Amino acid sequence: MPLTRSTAAQRAAASAAARGATRTIELAALLAATLATLAAVGLAAQARLASVAGVDAAITEGRVVDLRAVDRPDPVLPLLE
């Protein structure tokens, strides 16, 4: 039958050290996931803003119609053909 030659204080200290190492790894993984999420949101916002940037010029050129400003079907019909 095995005997334990450590005290309760030694076992508690060893457990706390192992728990601290695990928490450090968990914190690092959490920070990496947070940074990846923030980067993804930033890239999505940048792509959305880049696609909206040329819309004003396209409206001015007549390639795009602002449907909120349309009160009759005449401006839309040439684009549907």
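The values are calculated or read from the model by the stated rules, or taken from the named source; none is laboratory data. Worth saying up front: this structure is predicted, and the values here are computed from it rather than measured. Here the Cβ positions follow ideal geometry from the backbone for every residue, glycine too, while neighbour counts run over all protein chains shown. The accessibility values were calculated without ligands, DNA or RNA, using every heavy atom of the protein model including side chains. Shrake-Rupley method; radii C 1.70, N 1.55, O 1.52, S 1.80 Å.
Details
- Condition check for A58: closer than 22 Å to E81 by Cβ, modelled with pLDDT of 80 or more and surrounded by fewer than 10 Cβ atoms within 10 Å (Cβ to Cβ): no
- The condition of being open to solvent by 80 Å² or more (accessible area, probe 1.4 Å), within 30 Å of V65 (Cβ to Cβ) and not aromatic (F, W, Y) holds for only one of L38, L30, L43, L3, that being L43.
- Selection status of A14, out of contact with any Cys (no Cβ under 6 Å at 6 or more places or on another chain) and at pLDDT 80 or above: no
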